[in-house]
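Student: The structure that follows is given in the form of structure tokens.
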């Protein structure tokens, strides 16, 4: 799992999320959960759907990228545009289908 801010401006930013299945079996259907540390909000997401309640975010696969083969990544990684105010620190903990991810 890798989170990267790709662009940042006055009150907005873009970010990419790279998911890698390090397990030995394929994942069929995924949801990624994390929390923003500074009140950021997602304003536009691609390659998935998003729900956000306060700082808690859940990103769920789209119909075309729900399968992640063992040792691989989904064909289309999620990314988003967001809003921030004051500080834009990255999330530090992520879970995929309820299991803690290693953040690289």
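Student: Go through the residues of region 56-67 one by one and say whether even a single one is in a strand (DSSP E or B), more than 10 Å from the chain's Cα centre (by Cα) and surrounded by fewer than 12 Cβ atoms within 10 Å (Cβ to Cβ).
Tutor: Yes, that holds for at least one residue.
Student: Within region 78-101, work out how many residues are assigned to a loop (DSSP other than H, G, I, E, B) and in contact with a strand residue (DSSP E or B) (Cβ under 9 Å, 6 or more places away or on another chain).
Tutor: 10
Student: Further, regarding this structure: Being more than 15 Å from residue 53 (Cβ to Cβ) and either in a loop (DSSP other than H, G, I, E, B) or touching a helix residue (DSSP H, G or I) at 6+ places or on another chain (Cβ under 6 Å) (or both) is the filter here, so list the residues in region 20-39 that pass it.
Tutor: Across region 20-39, the qualifying residues are 20, 21, 22, 23, 24, 25, 26, 29, 30, 37, 38.
Student: Could you count how many residues in region 1-19 are free of Cβ contacts under 8 Å to residues at least 24 places away in the same chain and outside any strand (DSSP E or B)?
Tutor: Count: 2.
Student: Go through region 45-55 and give me each residue that's surrounded by 13 or more Cβ atoms within 10 Å (Cβ to Cβ) and either part of a loop (DSSP other than H, G, I, E, B) or touching a helix residue (DSSP H, G or I) at 6+ places or on another chain (Cβ under 8 Å) (or both).
Tutor: Across region 45-55, the qualifying residues are 47, 48, 55.
Student: Let me ask something additional. Restricting attention to region 29-44, and to residues there that are within 14 Å of residue 87 (Cβ to Cβ) and out of contact with any strand residue (DSSP E or B) (no Cβ under 6 Å at 6 or more places or on another chain), which single residue is surrounded by the most Cβ atoms within 10 Å (Cβ to Cβ)?
Tutor: Ranking the candidates gives 36 first.
Student: Would it be correct to say that residue 8 is more than 16 Å from the chain's Cα centre (by Cα) and surrounded by 12 or more Cβ atoms within 10 Å (Cβ to Cβ)?
Tutor: Working: more than 16 Å from the chain's Cα centre (by Cα): yes; surrounded by 12 or more Cβ atoms within 10 Å (Cβ to Cβ): yes.
When the stated conditions are applied, residue 8 passes them.
Student: Return a yes/no flag: does region 15-22 have any residue that is loosely packed, with under 14 Cβ neighbours inside 10 Å and modelled with pLDDT of 95 or more.
Tutor: So the first thing to find is which residues in region 15-22 are loosely packed, with under 14 Cβ neighbours inside 10 Å, and the list is 22.
Now drop any that are not modelled with pLDDT of 95 or more, which leaves none.
There is no residue in region 15-22 that is loosely packed, with under 14 Cβ neighbours inside 10 Å and modelled with pLDDT of 95 or more.
The values are calculated or read from the model by the stated rules, or taken from the named source; none is laboratory data. Keep in mind it's a predicted model, so treat the numbers as computed, not measured. Positions of Cβ are generated from backbone atoms using ideal geometry, with glycine treated the same way; all protein chains shown enter the neighbour counts.
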